[in-house]
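Here's the structure we're looking at; comments come further down.
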Amino acid sequence: MNRSIVTLAMMGLAGVANAAAPPANHRNFVACPIVRDTSSVPCWLAEYEGETYFLTIQTDVSAPVNPPWLGHKVLVEGTVSDEPRICGGIVLKPVALSVMQELDGSCNTMLPAEERYNLTFEPPRPPGPSKGRLAFGDPVTKPQSAADVASKSFELRYEFDSLVMFRHAQPLQQILEHARQSGASRVQITGYRAATLLSNGQLMREDEQMGRRRAEQVADLLRGAGLTDLKYDVKWQDETKRARGVDDAALRRVQVVVDR
Amino acid sequence: MKAKVRIAIGVGAGLWIGAVLAAQSLDRIADNGVPGASKQNVAGHVPDQNRQAQQAPVAESKSPPANRWWTPGEGTPLAPLIAYPNSFGQLGVLNQAGVIETKGHPFFEPIGENGRACVSCHQPANAMSLSVEMIEQRWRETQGQDPIFAPIDGMNCPDLPAGDPKSHSLLLERGLFRIFLPWPPKAEDGSRIEPEFTMEVVRDPTGCNLHPKYGLKSENPMVSVYRRPRVAANTKYFTHQGFGVFSFIGKNGLPATRDPETGLPSGMNILADARQPTLKTQAVEAAITHLQFNGKLDEARLEKIVGFESQVYTAQISHQGAGSLMESDTPPGLGVANVAKGREGLLGNNVTNFVFPMSEQWRKPAPSSDPETARRNEMRASIARGHDVFMFRTFWIKDAMHLNTVGLGNPTKRTCSTCHGMHMMGMDIANGWMDLGTTNLPWAREEPLNPWNERKPQLPLFKITCNAGVPPHPFLGRVFYTQDPGRALISGKCNDVGAIVMQQFRGLAARAPYFANGSAGSLRELVDFYDRRFNIGYTDQERDDLINFLSAL
C-alpha cells in the first residue's frame, strides 16, 4: 500500500478503527510537539484534551528517548507518572515517541524560557558540549565476545510506520559481531507490523507491508555489512490485533535469531 | 576515442607514456566479478566516469613555474616545513617524513593525459587545496593554459570554447571543478541503484546536464555538479578508525562503506558525498576523473600517493595579529606542529578533549606596557573569545537533515561544535554528511533575478521529487530544489539530497572560498550564512572574534 496514503489515512479516519480504550493512566495520542526553552536544555511537551504533558528534555544520540520534531506531529505512547510536573507538563514515563513522517507546518510552537518552568534537576548534558562522555551512554559500543551459545536472539524496536534509523546502528552492530564471532550459519529474521490503541479508542495501524519491509531491510543491511555467507530465513507477521494501549510500541519490532 | 591534442611543457611527458603503458584496462577492472567491495579498488561508478573522461578533449596546456605554485613535474624537493603568506598571516605545510623528493613522485608528476598532477589542485600554498585567488593568478600567468583549466572538469562543460574565461567561470569565480557522476547511481559492484526520487534539470547554466554527450540523457548518463577541492592533508584525522566508526552508520543505521582491502568500515569523511572509502580508492578515481589517466594506477604509485597524504599536515603557523603559532606557549589547538602530533579519532565536543583546545594564557593574557605586545594580546584574546563562541554560544539548530534527525530533536539548542565535533579538525567525527542548506533551497545562495543587473545564476538547479513509496524529506517535503544533491547522488536516498560531508577547518585563511560549492567568498560570508540560516543573532564582537578564531586555524 502506498505509504503516504496510509499516513494520511492514519491522521484521519480510515486506517484507524474503534476499539476498547487503553487503561486510564495511559495516554496514547497524536499531537503537535511543543518545545519550551529553559535556562539549560529545552523541554518537549504536547497537549491532549486540554492538558499539557511532558515528554522529554533535549537529549542526544545516546538517549533512550529522543525528542520529536517541529514540523511534524508526534505519536505519544506514555504512562502518567506521579512525578512532579516538569516544565508545566504532567510527566509521561515511560514514554515512546514516534515522529509522523508527513510534514505539518502547523507544528511550530516554540515557547520562551520562563523562570517558573526551569528544570529542577541538572540535565545529563548541558545544551553545549558534554562533560567528556556521551550523557546517556555510548550509542554504538563494541560488544563483548560472543558467548558460546548455539542461538542468540536480538530485537530491534521501531517508531510507528518507520524503518531502520540512527538508533539501530548499535543492535545491528551487535548482531554482526555476534554472527562473526560465533561462526553463525543461519539468521532468522522476523519483522512485525503492529498497531497502537489510542486513548480515544481508535486503533492506529501501521502500513500493511511494514512487517515485510522491516524484515527484508534488516536482511539487506546485514548482507550489505558483509554477512553474505549466512542462510537467511526472512519472515514477517501481523500483530495489529495485539494492541491494548499498553506498551504497544514494543510490538513494532524485528526479531533476529542468529544460529551457529 | 576522440583524437586528442596534447602538448605538455615541462617534466612528465616520458612518465606519461610509461603511465599509460602501465595502466590496467578499466574494462578488465570493472569485470573483476567481486560482489560488494571491489578488490581492485575501483568503485562501481568509476568505469562510467572513465568513459566520459576519455571522451572529453584534452587541451593544449603549459604550466610554467611561478611564485607559490607547484608545477607538475618540476622536481623541486618539498621541505619538511614550508611557510606561505596569506592575508591573515602564514600557512605552514609540515612533512613528518622530512624532505619529500617530488621528482618521479606520483603526487607531483603529471600522470594523466591533461598534464595535471595531484598537486595541481592540492597546492601547498593553499593548504593542499586551491584558492580562487590562486586560480585567477594562474589564469593570468598562463593565459588560461595551465592544466587546472582542463576541459574535463576545469571548464563548465568540456566542449566550450577554450581560452574564454566564460567557459571556466565557475572555476575562476568560485573555485569549482566539475564532478560528474553516473545517474542513476551505481553500487560498489556496478549494479544500478534505484533512486528514491526523480531529478529534473530546471536550470543548466553550464549546459552540461542537458548536453547530448556529457549530460543526463547522453549515452553514458551523467549528472554534473560543481565542488571545491578538499584539503589533502591532516588525513589521519578524517580517515580514523576511532570514535563512531562502525559497520553501520550512526546517522541512519545503513551499512558503512568498507575498505576493499581490509574490510574495515570507513568513516566516510573523505569526499563531499562520501563516495570513496579510503585515500587509495579516492586516488584511483581522481586520477581517472581529474587527471584523465586511462586505467587504474598501479599499487606502487598508489602507495606513494597515500604515503605522502598520510604524513603531510597543514595549518596556520602565524597570525598577523596574534603572532607565531609555533611557540611553546601556543594553545594546543593551534599551529601545524600541534596538528601533526594531535590524537585522531577523538570526539571533541566536550570539555575534556575540546575540538580546538585553547589556553588560559591567551584568554587572559598578562597586562603589558609594550603597545605591540598589548595589541598582540588583544588579538589572542579575541581568538580565544572566538573559540568560546564556536564552542559554547548556543543557538537553535533547526531543519538540518542528519543532525536534527539523529536523536537531538528539531530544533535543538546547541552550538557550532555540536556538528563540528572532531578533535583538531572541526569535521563531524564520522559519517559527516549533513544538509545545512548550502545547496538546497530555500537556504542556498540564490540571488533573485531582476532587471537591474546582468548577473545570472551560475550553478545548475534540480527539481527533486521524492517517490510516493518513501517518506518525504523530513524538512523539505516531497518536492524541492537543489543545486547539488550531494550524498543522494551516491545513495539514491531522498533524505540525503543536499547532504554534504563537512570539511576540515585547517588552513581556512589560505583557501577561500568556502563550502563545497564555494558559496561563501570569505570567512565573513561563511559566518553570515550560519547567522542567517539559524537566526543566531551574532553581535559584531562575536562575529569578529569568530572570524579571528577561524583565521588562526
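Here are a few things to note about the model shown:
- Yes/no for A:Ala219 being free of Cβ contacts under 8 Å to residues at least 60 places away in the same chain, touching a Phe, Trp or Tyr at 6+ places or on another chain (Cβ under 7 Å) and crowded, with 19+ Cβ neighbours inside 10 Å: yes
- Those residues of region B:271-294 which are crowded, with 23+ Cβ neighbours inside 10 Å and part of a loop (DSSP other than H, G, I, E, B), in sequence order: B:Ala272, B:Asp273, B:Ala274, B:Arg275, B:Gln276, B:Pro277, B:His290, B:Leu291, B:Gln292, B:Phe293
- Count of region B:417-437 residues which are surrounded by fewer than 24 Cβ atoms within 10 Å (Cβ to Cβ) and of a type in the set (Val, Ile, Thr): 1
- Selection count where residues are crowded, with 22+ Cβ neighbours inside 10 Å, out of contact with any Pro (no Cβ under 9 Å at 6 or more places or on another chain) and within 15 Å of B:Pro460 (Cβ to Cβ), scope region B:202-252: 1
- Whichever residue in region A:129-145 is at pLDDT below 90 and touching a Ser or Thr at 6+ places or on another chain (Cβ under 7 Å) and, among such residues, is farthest from the other protein chains (Cβ to nearest Cβ): A:Gly137
- Enumeration of residues in region A:1-60 that are among the small types (Gly, Ala, Ser), modelled with pLDDT of 95 or more and under 30 Å from B:Ala468 (Cα atoms): A:Ala31, A:Ala46
- If you go through region B:247-265 and pick out every residue that is assigned to a loop (DSSP other than H, G, I, E, B) and either aliphatic (A, V, I, L, M) or in contact with a strand residue (DSSP E or B) (Cβ under 6 Å, 6 or more places away or on another chain) (or both), you end up with 5.
- The residues on offer are B:Ala444, B:Ala468, and the sole one that is within 13 Å of another protein chain (Cβ to nearest Cβ), more than 22 Å from A:Ala63 (Cβ to Cβ) and surrounded by fewer than 24 Cβ atoms within 10 Å (Cβ to Cβ) is B:Ala468.
- B:Leu476 being surrounded by 22 or more Cβ atoms within 10 Å (Cβ to Cβ), within 14 Å of chain A (Cβ to nearest Cβ), over 24 Å from B:Pro277 (Cα atoms) and among the aliphatic types (A, V, I, L, M): yes
- One residue alone among A:Leu198, A:Leu172, A:Leu163, A:Leu222 is within 23 Å of B:Pro471 (Cβ to Cβ) and more than 10 Å from every other protein chain (Cβ to nearest Cβ), and that residue is A:Leu198.
- Qualifying positions in region B:117-156 - touching a strand residue (DSSP E or B) at 6+ places or on another chain (Cβ under 7 Å), part of a loop (DSSP other than H, G, I, E, B) and of a type in the set (A, V, I, L, M, F, W, C): B:Ala127, B:Met128, B:Leu130
- Condition met for B:Gly407 (facing chain A (nearest Cβ under 9 Å), outside any loop (DSSP other than H, G, I, E, B) and more than 22 Å from the chain's Cα centre (by Cα)): yes
- Per the listing A:Gly224, A:Gly245, A:Gly201, the residue uniquely under 18 Å from A:Ala169 (Cβ atoms) and among the small types (Gly, Ala, Ser) is A:Gly224.
- Note on region B:242-284: residues that are polar (S, T, N, Q), touching an Asp or Glu at 6+ places or on another chain (Cβ under 9 Å) and within 14 Å of chain A (Cβ to nearest Cβ) amount to 4.
- Answer residue from region A:18-66, given it is of a type in the set (Gly, Ala, Ser) and within 14 Å of chain B (Cβ to nearest Cβ) and is nearest to A:Ile90 (Cα to Cα) among those: A:Ala46
- Residue count for region B:368-397 satisfying the condition of being away from chain A (no Cβ under 14 Å) and of a type in the set (A, V, I, L, M, F, W, C): 5.
- Boolean, B:Asn353 is free of Cβ contacts under 8 Å to residues at least 40 places away in the same chain, buried (at least 16 other Cβ atoms within 10 Å of the Cβ) and either more than 14 Å from chain A (Cβ to nearest Cβ) or over 30 Å from A:Leu111 (Cβ atoms) (or both): no
- Residue within region B:341-351 that is polar (S, T, N, Q) and at pLDDT 95 or above present: no
- Any hit, region B:498-508, residues being touching a helix residue (DSSP H, G or I) at 6+ places or on another chain (Cβ under 9 Å), in contact (Cβ under 8 Å) with a residue 24 or more places away in the chain and farther than 22 Å from B:Val132 by Cβ: yes
- Only one of B:Gly14, B:Gly44, B:Gly98 that is part of a loop (DSSP other than H, G, I, E, B) and at pLDDT below 95: B:Gly44
- Members of region B:258-269 that are of a type in the set (A, V, I, L, M) and surrounded by fewer than 22 Cβ atoms within 10 Å (Cβ to Cβ): B:Leu264
- Considering region B:454-497, the residues that are among the hydrophobic types (A, V, I, L, M, F, W, C), in a loop (DSSP other than H, G, I, E, B) and touching a helix residue (DSSP H, G or I) at 6+ places or on another chain (Cβ under 8 Å) include one that is farthest from B:Leu216 (Cα to Cα), namely B:Phe475.
- Residue that is farthest from the other protein chains (Cβ to nearest Cβ) [pool: residues in region B:410-420 that are assigned to a helix (DSSP H, G or I) and in contact with a helix residue (DSSP H, G or I) (Cβ under 8 Å, 6 or more places away or on another chain)]: B:Cys416
- Scoring B:Tyr237 on the criteria (1) under 30 Å from A:Ile175 (Cα atoms); (2) in a loop (DSSP other than H, G, I, E, B); (3) not charged (D, E, K, R) leaves a single failure, condition (2).
- Among the residues of region A:175-195, those that are within 14 Å of chain B (Cβ to nearest Cβ) and touching a Ser or Thr at 6+ places or on another chain (Cβ under 7 Å) comprise A:Leu176, A:Gln181.
The values are calculated or read from the model by the stated rules, or taken from the named source; none is laboratory data. On a predicted model such as this, the values are computed, not experimentally measured, just so you know. As a convention, Cβ positions derive from the backbone with ideal geometry for all residues, glycine included, and neighbour counts pool all protein chains shown.
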